[in-house]
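The values are calculated or read from the model by the stated rules, or taken from the named source; none is laboratory data. Note that the structure is predicted; figures quoted are calculated from it, not measured. Every residue, glycine among them, receives a Cβ derived from its backbone with ideal geometry; neighbour counts consider all protein chains shown.
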Amino acid sequence: MSEKYDLIIVGSGPGGYVAAIRASQLGLNTAIVERDALGGVCLNWGCIPTKALLRTAEVYHQMQNASAYGLKADNVSFDLDAVVKRSRQIAGQLSGGVKHLMKKNKITVIEGEGRVVKGGAAPKVIVTGKDGKETTYEPKNVLLATGARARTIPQAGLEPDGKFIWTAKEAMVPDTMPKKLLVIGSGAIGIEFASFYNALGAEVTVVEMMDRILPVEDEEISAMALKSFQKQGMNIITGANVEGVKPDKDQITATIKGKDGKTTSESYDRIVLAIGIVGNVEGLGLEELGVKVDRTHVEVNGFGQTNIKGLHAIGDLTGPPWLAHKASHEGIVCVEKIAGKNPHAFETWNIPGCTYCHPQIASVGLTEAKAKEAGHKVKVGKFPFIGNGKAIALGEPEGLIKTVFDEKTGELLGAHMIGAEVTELIQGYVVARQGELTEAELMETVFPHPTLSEMMHESVLDAYGRVVHM
Amino acid sequence: MAIEITMPALSPTMEEGKLAKWLVKEGDTVSSGDVIAEIETDKATMEVEAVDEGTVAKILVEEGSEGVKVNSVIAMLAEDGEDASEISAPGGDAEPAKQDREAEKTDTKPEPKPEPEKETSVEPEKPKALATTQKDGDRIKASPLARRIAAQKGVDLGSVKGSGPHGRIIRKDVEAAEAGAPEKPQAAASPVKPDGLILPQVLDDRIYAPDSYELVPLDGMRKTVAKRLTESFMQVPHFPLEVDIQLDKLLSSRSAINTAAPEGVKVSVNDMLIKASALALMAEPDCNASYTDNGFAYHKSANISVAVAIDGGLITPVIRDAQSKGLREISEEMKDLATRARDRKLKPQEYTGGTFSISNLGMFGIKSFGSIINPPEGMIMSVGAGEKRAVVADDGSIVARTVMSVTLTCDHRVIGGAEGAKWLQAFKRFVETPEAMLL
């Protein structure tokens, strides 16, 4: 007979494995089911390996600009295989790290595909191992954290074809360096790959359906990003759709319908699909169990509880924002509730988002437009990188930090940043929002000199007409 | 650093409780997991375990103190190597908690004159700020944004209960306090004072001399029962439906089941009525409902509350998902819940969340009676005694049958007469044809 678990988690991404560790800390006998490598998409095929690639792009870009720093670097070039190898090695190292964490926290790792079937107080979990053997478990609670995958549109031929069309997963381990690359979709994933391949010398075209790139970001940030990408040589087409693709022998031709309704055809070496993601709801036995699913996302309440008793879901599987740190946080709330603690229900108002293109983009909360839409009278502060000593010294004078306050209460409604290292800066504002600081505390806070963070201070001061260095 | 031990929240709605008993004294060494105190809430007594290890340096709230606010510091623990005698209470001493207790005592004294109009609202008493923050208003823990919004909207922070870490008042709390009522119905289950009733409930000294009776102070459970029943009876438009049900077949099924059952399993008539109620709720899902201001809530599971009279009050443990449980499971669960209910050891989740109630006074020979609805449940069924009665059979002859009368009390806001009647038909069918329960 199988062991009696308090909790079985299906999926070991940043939602699942973090939830498992929290469960173990709370004394729950926990097992985690994984069909592939520990760490899920984040560690193996998402966040981490792409950051490794983008670091390569950044260093390469700096080497090309060595003379600007008084350095000499001639014949700068790259070895694509070595670049990819480094990225894979880092992913492998971190997956091994998760394995160690599971062991340290006495969490049982069950290899195989999990699915749920009707049980007593909670559904049963059946795991099909690599050898095809099925094992049934009867845990007290089940947590689904199976994540998501790239959305494809097979009807339009927009799905991986083993050669020309890539999703993020294929784009991460390129067989060849494309000379001409088409990226469909300009969200965080599309823009990061566009940035990487552009830096390594590909001629990159980005097609976005909406009227601006990075459509979830503040309009001003989108506009600055657009200008910067165009300056770097990217071709960006907004308000456009890829109507169809046709593979030839060496290239693939895409038909693009522009804003004006005219269609043009252009040939590319490769296409990257970054048109959103879909939840991994298939094969889990959800339909038979009667679990409520809205399109490809499992419906849950603020504690990750589904409509089926004892069955929980978190992370990308439950819907946007599709971010690793959202999944981890949801997992912790869900597990604390299972363990009988009294956590606050999960909310999305203070989840930061980061895009690691060059220049970087980071934001939290409402954009200026969304804040006005919600009925706030706003005070907006802006501070450009060119006014910051550290930014100039770094050779990164491009960028902006924008803050949006509620005029009446002084609440920091949102913060939006573009420029060097902003993904590391945003957390300051996230903490301020979580602690419900107003403009007064932010203005009174001492920011160290010389740092990029001084711009965060200046942006707040600017919203209240007290900016110093402008 | 000394470790603060705070009053735990034993349920999401708990605001204060009684520190019933200390199981440790100053100077005792405790380790993580040791039971250090017993807390009595409105419904149950629960144990408090130590989370850290160390030496009990100070006990700040005396045994027997009532109205101890959740999150207030009740004791200080000295860590290894720390001198226990050096440790003092945070922010002064425990006076505020003691004062609370005094206040509580005075409140329960009979007062000769009726209270002023404004004090007679049904709103529970506003929670005071935590003991550690009460002495000077400056030390109320609140976020800067909460302070500013409170100032703008004229909300007194001292009257706001914080939901943030360590009871810190955050924006949401101030907004909820300003909005007032909407959040309050939930708080109905929280400890209340007897003066939460609409009419002042005191005896007039001129008519009943104080030495002519013995006054037993109200404990949390008695207060809750008084308040909830008053609210229910006055606020829920209720109506009764009565029907006679023949029990002979159910009784013979029961003895057949018990003969076949393994040693130790003995299914009662009540267990079978629980099962029949649950199946009737599934058959008439319109009746498994709660009235809410936002709409009718139709419950998906039949969670059957069973009224259990216990020493000093009444409690309704809940058999969850009774529709999908077997008689044996219901029987065993009911036995366990009833035993622990009498010991006041039920966890809050074991006596909340019902969707329908059963109250049975048949064992006392009561023929029929009506019960008061247990909100937010939509119906409660009162079960009378099964007794031999003369029944006119189909062929016109008069025969002796075992018959019981049941009375269904319905919340008319969500359940109509015809719906209630259909439910009783379904229930009667299951009881009179117990085989149908096997389907």
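Out of B:ILE274, B:ILE304, B:ILE310, report the one residue that is of a type outside the set (Gly, Ala, Ser), under 30 Å from B:LEU218 (Cα atoms) and either surrounded by 21 or more Cβ atoms within 10 Å (Cβ to Cβ) or in the same structural domain as B:ARG228 (by TED's automatic domain parsing) (or both).
The unique qualifying residue is B:ILE304.
Hey, among A:THR176, A:THR167, A:THR146, A:THR152, which residue is loosely packed, with under 14 Cβ neighbours inside 10 Å and among the polar types (S, T, N, Q)?
Unique residue meeting the criteria: A:THR176.
Any chance you could count how many residues in region A:277-290 are touching a residue at least 60 places away in the same chain (Cβ under 8 Å) and either loosely packed, with under 15 Cβ neighbours inside 10 Å or among the hydrophobic types (A, V, I, L, M, F, W, C) (or both)?
Going through region A:277-290, the residues touching a residue at least 60 places away in the same chain (Cβ under 8 Å) turn out to be A:277-281, A:283-286, A:288-289.
Filter once more, keeping what is either loosely packed, with under 15 Cβ neighbours inside 10 Å or among the hydrophobic types (A, V, I, L, M, F, W, C) (or both): A:277-278, A:281, A:283-284, A:286, A:288-289.
Of the residues in region A:277-290, 8 are touching a residue at least 60 places away in the same chain (Cβ under 8 Å) and either loosely packed, with under 15 Cβ neighbours inside 10 Å or among the hydrophobic types (A, V, I, L, M, F, W, C) (or both).
Would you mention how many residues in region A:288-320 are hydrophobic (A, V, I, L, M, F, W, C) and away from chain B (no Cβ under 14 Å)? Before the answer, list the steps.
Here is the first cut: in region A:288-320, the residues hydrophobic (A, V, I, L, M, F, W, C) are A:289, A:291, A:293, A:298, A:300, A:303, A:308, A:311, A:313-314, A:317.
If we keep only those that are away from chain B (no Cβ under 14 Å) too, we end up with A:293, A:298, A:300, A:313-314, A:317.
The number of residues fulfilling the criteria is 6.
In this structure, does A:ASP74 turn out to be free of Cβ contacts under 8 Å to residues at least 40 places away in the same chain, among the charged types (D, E, K, R), touching a helix residue (DSSP H, G or I) at 6+ places or on another chain (Cβ under 8 Å) and surrounded by fewer than 20 Cβ atoms within 10 Å (Cβ to Cβ)?
no
Quick test of your reading of the structure: A:LEU273 fulfils all but one of (1) farther than 19 Å from A:ILE9 by Cα; (2) surrounded by fewer than 21 Cβ atoms within 10 Å (Cβ to Cβ). Name the failing condition by number.
Tallying (1) farther than 19 Å from A:ILE9 by Cα; (2) surrounded by fewer than 21 Cβ atoms within 10 Å (Cβ to Cβ), A:LEU273 fails exactly one: (2).
If a residue has to be touching a residue at least 60 places away in the same chain (Cβ under 8 Å), part of a loop (DSSP other than H, G, I, E, B) and within 20 Å of A:ASP248 (Cα to Cα) to count, how many in region A:140-171 make the cut?
7
Restricting attention to region A:78-92, which residues are part of a helix (DSSP H, G or I) and either of a type in the set (D, E, K, R) or closer than 24 Å to A:LEU38 by Cα (or both)?
Residues satisfying the conditions are A:ASP81, A:ALA82, A:VAL83, A:VAL84, A:LYS85, A:ARG86, A:SER87, A:ARG88, A:GLN89, A:ILE90, A:ALA91, A:GLY92.
One residue is enough: does region A:177-186 have a residue meeting the conditions assigned by TED's automatic domain parsing to the domain that holds A:GLY258, of a type in the set (S, T, N, Q) and without any contact (Cβ under 8 Å) to a residue 40 or more places away in the chain? Please lay out each step first, then the result.
Restricting attention to region A:177-186, the residues satisfying the condition of being assigned by TED's automatic domain parsing to the domain that holds A:GLY258 are A:177-186.
Add one more test, that the residue is of a type in the set (S, T, N, Q), and what stays is A:186.
Filter once more, so that each one left must be without any contact (Cβ under 8 Å) to a residue 40 or more places away in the chain: none.
For region A:177-186, residues assigned by TED's automatic domain parsing to the domain that holds A:GLY258, of a type in the set (S, T, N, Q) and without any contact (Cβ under 8 Å) to a residue 40 or more places away in the chain: absent.
Return only the number of the condition from (1) touching a residue at least 60 places away in the same chain (Cβ under 8 Å); (2) surrounded by fewer than 20 Cβ atoms within 10 Å (Cβ to Cβ); (3) within 14 Å of chain B (Cβ to nearest Cβ) that A:GLY365 does not satisfy.
(2)
Would you mind finding the one in A:HIS376, A:HIS358 that is within 14 Å of chain B (Cβ to nearest Cβ) and more than 25 Å from B:ARG168 (Cα to Cα)?
A:HIS376
Does any residue in region B:354-380 that is of a type in the set (Lys, Arg) come within less than 8 Å, Cβ to Cβ, of a residue that is part of a loop (DSSP other than H, G, I, E, B) and surrounded by fewer than 23 Cβ atoms within 10 Å (Cβ to Cβ) six or more places away or on a different chain, and which pairs are these?
Listed pairs, sorted by first residue: B:LYS367/B:GLY384; B:LYS367/B:ALA385.
Looking only at helices (runs of 4 or more DSSP H) that fall completely inside region A:415-470, which ones have 2 or more residues that are more than 14 Å from chain B (Cβ to nearest Cβ) and either of a type in the set (Gly, Ala, Ser) or on the phi < 0 side of the Ramachandran plot (or both)?
A:422-434, A:454-463
Determine whether A:GLY201 is of a type in the set (Gly, Ala, Ser), under 14 Å from the mean Cα position of the chain (by Cα) and over 24 Å from A:LYS382 (Cβ atoms). Steps first, please.
On the way: of a type in the set (Gly, Ala, Ser): yes; under 14 Å from the mean Cα position of the chain (by Cα): no; over 24 Å from A:LYS382 (Cβ atoms): yes.
So A:GLY201 fails the test.
Answer yes if at least one residue in region B:336-345 is within 14 Å of chain A (Cβ to nearest Cβ), surrounded by fewer than 18 Cβ atoms within 10 Å (Cβ to Cβ) and of a type in the set (Ser, Thr, Tyr), and no otherwise.
Taking region B:336-345 first, the residues within 14 Å of chain A (Cβ to nearest Cβ) are none.
No, because not a single residue in region B:336-345 is within 14 Å of chain A (Cβ to nearest Cβ), surrounded by fewer than 18 Cβ atoms within 10 Å (Cβ to Cβ) and of a type in the set (Ser, Thr, Tyr).
Out of region A:209-252, which residues are under 19 Å from A:PHE383 (Cα atoms) and of a type in the set (Lys, Arg)?
Selection gives A:LYS227 alone.
Looking at A:ILE314, A:ILE308 in this structure, which one is aliphatic (A, V, I, L, M), assigned by TED's automatic domain parsing to the domain that holds A:ASN44 and crowded, with 23+ Cβ neighbours inside 10 Å?
A:ILE314
Of the residues A:ILE189, A:ILE221, A:ILE236, A:ILE213, only one is part of a strand (DSSP E or B) and under 22 Å from the mean Cα position of the chain (by Cα); which?
Details: A:ILE189 fails: part of a strand (DSSP E or B); A:ILE221 fails: part of a strand (DSSP E or B); A:ILE213 fails: part of a strand (DSSP E or B).
Criteria check complete, one pass: A:ILE236.
Pull out all pairs, ordered by first then second residue, where Cβ-Cβ is under 9 Å, the residues are six or more apart or on different chains, the first lies in region B:142-153 and is more than 7 Å from chain A (Cβ to nearest Cβ), and the second is assigned to a strand (DSSP E or B).
Final answer for the pair search is B:ALA142/B:ILE169; B:ARG147/A:THR438; B:ARG147/B:ILE169; B:ALA150/B:ALA142; B:ALA150/B:ILE169.
Which residues, counting only those in region A:239-263, are of a type in the set (Gly, Ala, Ser) and in a strand (DSSP E or B)?
A:GLY244, A:ALA254, listed by residue number.
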